[in-house]
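Okay, so here's the structure we're looking at.
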Amino acid sequence: MKLGELARRLGAELRGDAELEITGVKGIEDAGSTEITFVANPRYAGLARSTRAAAVLVEPEFQEIPVATLRIRNPYHAFSRALAFFYQPPAYPPGIHPTAVIDPTAEIGEGAHIGAYVVVGQGVRLGPQATLLSHVVLYPNVRAGSHLFAHAHAVVREGCVLGDHVTLENGAVVGADGFGFAKNEAGEWEKIPQSGPVRLGDRVDVQANACVDRATVGETRIGNGTKIDNLVQVGHGSAVGENTLLCAQSGLAGSSVIGNNAILAGQAGVAGHCSLGDGVILTAQAGVSHDIPAGKMISGSPGFDNRIWLRAVTAFQRLPEMLRRLDRLEKKVGAKSGASHPREEKQGAE
């Protein structure tokens with residue numbers, strides 16, 4: 001593809017040779033003379049001057065550099081769009097593999113691809129253009145909208161409801177029993193029935209080996225456009241808003257409430273029955289055990305305001321030196337006042 005054609009498709013301003021032939025997209029340090037790259041983070045701006053790439057996607061105000069530039073407001077998003085021009089994932093034509101087991105009461109929408117050893121249970125309703133790869137299991141009475149894409153070994157439990165354009169990566173489990181147990185009179189844990197389904201909105205992605213548990217009563221809800229990363233745990237009865245990111249190994253205890261456009265970075269955790277408002281950010285490994293109002297950035301465990309946390313971490317690193325200085329000051333003040341050390345006073349009394 002010519003660089004000029006790529007700029008036209010992306011809606012970018014081209015500064016450079018429109019006739020350059022572009023064969024692919026790579027990172028700024030790896031791109032070669034027929035590939036494009038991007039700069040979205042200022043820390044990589046210096047690399048743009050030395051890159052071997054044919055062209056760089058940058059913001060409109062970016063400095064002039066030796067190679068061609070495609071100037072656009074969101075270069076990272078443009079980079080992802082450009083990838084789609086050069087990389088096409090495997091195509092799965094409509095059809096049902098002979099080893100698939102589909103209950104006769106299930107309704108399969110047109111254009112579905114049902115792979116080897118897929119199991120579709122009683123009363124399932126699957127929208128058009130679904131793709132179920134090998135060993136996917138849909139329990140009875142699952143409802144899914146159009147363009148469901150379930151990778152190998154994804155599982156959706158009974159009665160769960162999925163919107164349109166939902167993607168389940170390998171090993172994702174939607175609707176497994178929540179962690180609900182009650183002690184009986186003998187002091188033994190008895191399982192509490194988990195009767196409520198999971199409801200995923202439109203354009204929800206559940207990445208590899210993530211788990212969204214079903215509810216004891218009611219339902220567990222994930223809003224439109226929310227993305228759930230690898231190894232995330234969403235506890236039973238939780239409600240997550242729209243366009244929220246739950247990053248790798250983050251966890252929500254039961255009945256957590258997360259607002260719209262929130263971000264839980266890697267290994268962040270939320271205690272049960274806590275609410276996080278719209279736009280809240282929990283930085284990596286933050287732990288929250290209380291409600292957080294909208295727009296706050298929280299760090300640390302127990303979590304508190306990010307700005308205070310940054311100052312606290314700086315002070316923590318200085319503690320050894322501060323203690324040494326304090327010890328010297330105490331000795332200096334004690335010497336000036338003639339006061340003896342507490343240990344010396346004790347020995348004198350004896």
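The values are calculated or read from the model by the stated rules, or taken from the named source; none is laboratory data. Keep in mind that this is a model prediction, so the values were computed, not measured. Here Cβ is always computed from backbone atoms with ideal geometry, including for glycine, and neighbour counts include all displayed protein chains.
Answer yes if at least one residue in segment 112-134 is crowded, with 16+ Cβ neighbours inside 10 Å, of a type in the set (Ser, Thr, Tyr), outside the structural domain of PRO197 (by TED's automatic domain parsing) and within 19 Å of GLY175 (Cα to Cα), and no otherwise. Among the residues of segment 112-134, not one is crowded, with 16+ Cβ neighbours inside 10 Å, of a type in the set (Ser, Thr, Tyr), outside the structural domain of PRO197 (by TED's automatic domain parsing) and within 19 Å of GLY175 (Cα to Cα), which makes the answer no.
Contact map, segment 160-176: first residue on the phi > 0 side of the Ramachandran plot and modelled with pLDDT of 95 or more, second residue among the charged types (D, E, K, R) and not in a loop (DSSP other than H, G, I, E, B), Cβ cut-off under 9 Å, separation 6 or more or different chains; pairs are GLY175/ASP213.
The selection criterion, being closer than 22 Å to ASN170 by Cβ, modelled with pLDDT of 95 or more, surrounded by fewer than 21 Cβ atoms within 10 Å (Cβ to Cβ) and basic (Lys, Arg), holds for LYS227. Among the criteria (1) surrounded by 19 or more Cβ atoms within 10 Å (Cβ to Cβ); (2) outside any strand (DSSP E or B), the one GLY32 does not fulfil is (1). Mind listing just one residue for me: the one in segment 142-162 that is more than 19 Å from CYS211 (Cα to Cα) and touching a Gly at 6+ places or on another chain (Cβ under 6 Å) and, of those, surrounded by the most Cβ atoms within 10 Å (Cβ to Cβ)? By that ranking, first place goes to GLY145.
Scanning segment 35-77 for residues that are within 29 Å of the chain's Cα centre (by Cα), surrounded by fewer than 18 Cβ atoms within 10 Å (Cβ to Cβ) and among the polar types (S, T, N, Q) gives ASN41, ASN74. Return a yes/no flag: does segment 56-64 have any residue that is under 30 Å from TYR139 (Cα atoms) and in contact with a strand residue (DSSP E or B) (Cβ under 8 Å, 6 or more places away or on another chain). The answer is no; no qualifying residue exists. Among the candidates LEU6, LEU70, the residue that is at pLDDT 95 or above and assigned to a strand (DSSP E or B) is uniquely LEU70.
None of GLY266, GLY272 is at pLDDT below 95 and either in a loop (DSSP other than H, G, I, E, B) or on the phi > 0 side of the Ramachandran plot (or both) except GLY272.
For segment 294-341: of the residues being among the polar types (S, T, N, Q) and over 30 Å from ALA268 (Cα atoms), which is modelled with the lowest pLDDT? The selected residue is SER340.
With respect to being surrounded by 22 or more Cβ atoms within 10 Å (Cβ to Cβ), among the aliphatic types (A, V, I, L, M) and closer than 21 Å to PHE179 by Cβ, ALA210 fits the description. If only residues of segment 140-178 that are of a type in the set (A, V, I, L, M, F, W, C) and touching a His at 6+ places or on another chain (Cβ under 7 Å) are counted, the one that is nearest to VAL217 (Cα to Cα) is LEU168.
In the set GLY171, GLY178, GLY159, GLY187, which member is in contact with a Ser or Thr (Cβ under 7 Å, 6 or more places away or on another chain) and either assigned to a loop (DSSP other than H, G, I, E, B) or charged (D, E, K, R) (or both)? Result: GLY178 is the single residue among GLY171, GLY178, GLY159, GLY187 that is in contact with a Ser or Thr (Cβ under 7 Å, 6 or more places away or on another chain) and either assigned to a loop (DSSP other than H, G, I, E, B) or charged (D, E, K, R) (or both). Considering VAL166, VAL137, the condition of being buried (at least 18 other Cβ atoms within 10 Å of the Cβ), under 20 Å from the mean Cα position of the chain (by Cα) and closer than 21 Å to VAL232 by Cα is satisfied by VAL166 alone. For segment 169-179, residues that are more than 20 Å from the chain's Cα centre (by Cα) and crowded, with 19+ Cβ neighbours inside 10 Å total 1. Filtering segment 23-77 to residues that are among the aliphatic types (A, V, I, L, M), without any contact (Cβ under 8 Å) to a residue 40 or more places away in the chain and touching a Ser or Thr at 6+ places or on another chain (Cβ under 7 Å) leaves ILE28, ALA31, ALA53, VAL56, VAL58.
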